[in-house]
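One structure is given here, and the rest of the page talks about it.
Coordinate-derived values only; no laboratory data. This is a predicted model, so every value here is computed, not measured. Every residue, glycine as well, gets a Cβ built from its backbone with ideal geometry; the counts of neighbours run over all protein chains shown.
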Amino acid sequence: MAEELTGYTGPATMEKITSLAKRRGFVFQSSEIYGGQNGAWDYGPLGIELKNRIAANWWKAMTQLHDEIVGLDAAILMHPRTWEASGHVENFTDPLVDCKKCKTRFRADMVPDENLANKTCPECGGELTDTRKFNLMFKSHIGPTEDNAGLIYLRPETAQGIYVNYKNIIQSNRMKIPFGIAQIGKAFRNEIVTKNFIFRTCEFEQMEMQYFVKPGTDVEWFNEWKKRRWAYYEKLGVKMDHLRWHQHGPDELAHYAKDAYDIQYLFPMGWRELEGVHNRTNYDLTRHTEYSGKDLQYIDQDNNNDRYIPFIIETSAGLTRTLLMLICDAYDEEKVADKGDADDWRTVLRFHPVVAPVTVAMLPLMKKDGLAEMAQDMRNELKEDFATDYDQAGAIGRRYRRQDEAGTPFCVTVDYQSKEDGTVTLRYRDSMEQIRVPRTELAEKIRQEIKSYKRKA
Ligand code: GAP
């Protein structure tokens, strides 16, 4: 798309990202041999490594680095009353219109006002239906009969699993307000528009944290979590001029929110939501109290046994959307030679080493003369501590390029000198600089480089 439309000026396009993701085994279309399944994607060998590392990095930031935040892994299938209480049965809808002629289905808020007003299809000029509400939750049935008694929903957000467990966690882990509960897991939405690769899908993963605070302190905590989430992306080395805040206007606010800000990222298709920070007030716990009949008040034992329903500050990021963001953010094309052919350029994914799918690749200069064995041996030493790869196929320059495209921050080359003096070549992905390092010091050197990593440009 043209720069003036999106504001994006980098080298990535969604076509390039989708093609690289498939070619290198990051992401495949679901059920591709049957023509693909709309809104669903499979994560290949590099994709699952990247996804796991993003999840681990978020988990560490939220739990290990916060004494007052604990984790949870709640079931996807929840009692259907949960979704009545949460307001999703009533309110979690998109406005829809259909074209009677070409049968295309549109989200009404994405149809130009003019077409909506005179009810003409923006694609074929056919007549549009009236706007109607469409609930985004997937329904299924549990048990042997397909009647309403067995109605069950696939969760559209992970948050509710946390709310229904908040008292269990207070009791089992003696949590005191303010405290948080973090969770990573699948969520499902029957999205009508699923373009832009994995940006908006029907099956996706969320990384959510719910922070329980005393009423009256919610605005302060809301601002604090906005700061923390911004700092998180900074630490991850994301291009900060590609991030901005967007406050929800009254027509955008979810039914549960008093205030909400999105962190938007400048994707190749323009600015889009990456994560939401929400002040959900005491809406959810109040509703669960009403619908379950259970007392969900917090008892403040340090304050004369004061009772109240806590307010909740939520940080909600898409894991799969963060993966797309990090690939777009890392994507670069760089001219590295001037021979006038395709080899002059390299494609490189400049991932932060803490999320790169492979940290170190071992490359013997030659297969013969014991170099392959020595490289394999070193890989075996390193694999306890790092995600490693091994490649002995083809010219060394080509192998570096393959690792650049996978985003591997460090390559280690074993050559004839290695046999003589026990040193190896450490090659840096970003600068392509090469230094010699004693084999015995390699692991420590890589550890230090990861710790002090700063993205250049
Ligand atoms: N619990 C609050 C909540 O779910 P949301 O803004 O609807 O809020 C939070 O979703 C995040 O989940 C979004 O910022 C986005 O990163 C991710 N997300 C939402 N819908 C998605 C979809 N259909 N596909 C991929 N990611 C999605």
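Residue by residue, the stretch 20-35 carries 3J(HN,Hα) couplings of 4, 4, 6, 4, 9, x, 7, 9, 10, 5, 5, 6, 4, 5, 9, x Hz when phi is fed to the Karplus relation 6.51 cos²θ - 1.76 cosθ + 1.60 (θ = phi - 60°); x denotes Gly or Pro. Between the amide H of Y390 and those of M362, distances stay under 5 Å, these residues lying 5 or more places away or on another chain, with hydrogens modeled in the peptide plane. Of the residues F197, G25, I169, the one whose Cα sits farthest towards the positive end of the charge dipole of the chain is G25 (charges of +1 on Lys and Arg Cβ, -1 on Asp and Glu Cβ, taken about the Cα centre). Relative to the longest principal Cα axis of the chain, at what angle does helix 396-406 sit, 0 to 90 degrees, rounded to 10? Relative to the chain, helix 396-406 is tipped by roughly 10 degrees.
With N the number of residues in the chain, Rg(Cα) / (2.2 N^0.38 Å) evaluates to 1.13.
Report, as a whole number in µm² per second, the diffusion coefficient that Stokes-Einstein gives for the stretch 375-457 at 20 °C and 1.002 mPa s using the Kirkwood radius over alpha carbon pairs. Working shown, then result.
Details: Rh = 13.4 Å.
Translational D for this selection: 160 µm²/s.
Restricting attention to the stretch 37-128, lysine pairs at least eight places apart or on different chains and with alpha-carbon atoms under 27 angstrom apart total 4. Any idea what the dipole of the stretch 51-161 comes to, in debye rounded to 20, about its Cα centre with Lys/Arg Cβ at +1 and Asp/Glu Cβ at -1? Dipole of the stretch 51-161, to the nearest 20 debye: 380 debye. For the stretch 31-116, the Cβ-based charge dipole about the Cα centre amounts to some 320 debye (Lys, Arg positive; Asp, Glu negative; other atoms uncharged).
Residue-wise HN-Hα couplings along the stretch 58-72, as the Karplus relation 6.51 cos²θ - 1.76 cosθ + 1.60 with θ = phi - 60° gives them from phi, are 5, 4, 5, 4, 8, 9, 4, 8, 10, 4, 9, 10, 10, x, 7 Hz; Gly and Pro carry x.
Starting from the Cα gyration tensor of the stretch 27-93, take the square roots of the eigenvalues, sort them a ≥ b ≥ c, and report rounded, prolate or oblate (rounded when a/c is under 1.5, otherwise prolate if a/b is larger than b/c, else oblate). Don't skip to the answer; put the middle values down first.
Numbers: a/c = 3.08, a/b = 1.08, b/c = 2.84.
Oblate, because a/c is 1.5 or more while a/b does not exceed b/c.
For the stretch 84-98, putting each phi into the Karplus relation 6.51 cos²θ - 1.76 cosθ + 1.60 with θ = phi - 60° gives couplings of 6, 4, 5, x, 5, 4, 7, 10, 7, 10, 10, x, 10, 9, 10 Hz, in residue order, rounded to whole numbers and with x for Gly and Pro. For the chain, C202, C328, C411 stand unpaired, since no other cysteine beta carbon lies under 4.7 Å from theirs.
Please give the peptides 403-414, 16-27, 235-246 ranked by average Cβ packing (other Cβ atoms within 10 Å per residue), highest first, as a rough proxy for protection.
Details: 403-414: 23.7, 16-27: 18.2, 235-246: 14.9.
Output ranking for 403-414, 16-27, 235-246: 403-414, 16-27, 235-246.
Which one of Y283, H255, V238 has its Cα pushed farthest toward the positive end of the charge dipole of the stretch 178-332, where Lys and Arg give +1 and Asp and Glu give -1 at the Cβ? Among Y283, H255, V238, the one farthest towards the positive end of the dipole of the stretch 178-332 is V238.
Using the Cα centre of the chain as the reference point, and only Cβ charges (+1 on K/R, -1 on D/E), how large is the resulting charge dipole? Debye, rounded to the nearest 20.
Numbers: 63 positive and 70 negative charges, 96 e Å.
Using only the charged Cβ atoms, the result is roughly 460 debye.
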